[in-house]
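Notes for the one structure printed next.
Please treat every number below as a calculation from the coordinates, not as lab data. Everything numeric here is computed off the predicted structure, so don't read it as measured data. FYI the Cβ positions are ideal-geometry reconstructions off the backbone, even for glycines, and counts take in every protein chain you see.
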Amino acid sequence: MSNQPITWEDDRQHNAHGLRFAIVVSRFNSNITGPMLASARRALDQAGAGSVQVFQVPGAFELPLAAKLLAHTHAYHAIIALGAVIRGETPHFDFVAAEAARGLQQVALETGLPVAFGVLTTENLEQAEARVNKGFDAAMTAIEMARFSTAVAQAARS
Ligand code: INI
């Protein structure tokens with residue numbers, strides 16, 4: 001048996017031309033979510049996104065409902081949810097973080113619309129500050145999954 005590592009073509013494409021995105025961002029910890037929003041916008045701009053609309057909600061707990069309402073408009077190819085939940089600052093960290101993650105995944109699975117999980121969950125502010133680029137990563141994931149979704153629809157038609 002060969003000891004060669006398994007290799008494959010990396011066929012991710014981060015071309016967002018013609019694709020429409022909604023970003024929903026929480027105001028809680030806006031010193032973190034503001035830079036996350038900027039980094040997500042940078043990724044979408046660089047990829048040539050067709051349109052980007054930004055919506056604000058109070059906190060990470062509200063992200064799933066906002067994502068669901070946006071999904072039901074059928075106006076977007078993907079949604080990017082941005083938030084920051086910092087353990088040091090809240091006794092209900094676990095509830096807020098878990099419900100944001102569970103709720104956003106539920107929206108994606110129930111509606112079939114890609115929802116990128118750009119919610120930082122950190123022990124303290126310093127860790128959050130070091131990871132604001134997660135907004136960029138979430139936007140890249142949204143682009144890749146939006147393209148995946150349109151590719152599946154095309155394949156089904158051919
Ligand atoms: N919301 C956050 O986005 N991050 C937090 O760290 C946080 N803390 O610390 O509690 C937080 N709480 C608010 C929550 O998301 C809701 O807005 C609130 O409970 C009202 O539903």
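Here are a few things to note about the model shown:
- Exposure proxy order (Cβ contacts within 10 Å, fewest to most) of 150, 73: 73, 150
- Net length gained if the chain between residue 125 and residue 54 were fully extended (0.36 nm per residue, minus Cα distance): 23.1 nm
- Taking 79, 86 and counting other C-beta atoms within 10 Å, the order from fewest to most: 86, 79
- Three-way shape call for the chain based on the alpha-carbon gyration tensor, with the a/c threshold at 1.5: prolate
- Within the stretch 15-59: backbone nitrogen closer than 17 Å to the residue 75 label point (7 Å, Cα to C-beta): 19-25, 50-57
- For the stretch 42-79, the residues whose backbone nitrogen is under 18 Å from a point 7 Å from the Cα of residue 98, taken along Cα to Cβ, are 60-64.
- Spin-label model, residue 14 to residue 149: label points 7 Å out along the Cα-to-beta-carbon direction sit 2.0 nm apart.
- By other beta-carbon atoms within 10 Å, ranking 111, 121, 33 with the fewest at the front produces 111, 121, 33.
- Between residue 109 and residue 158, the modelled labels are 3.0 nm apart [label points 7 Å from Cα along Cα→Cβ].
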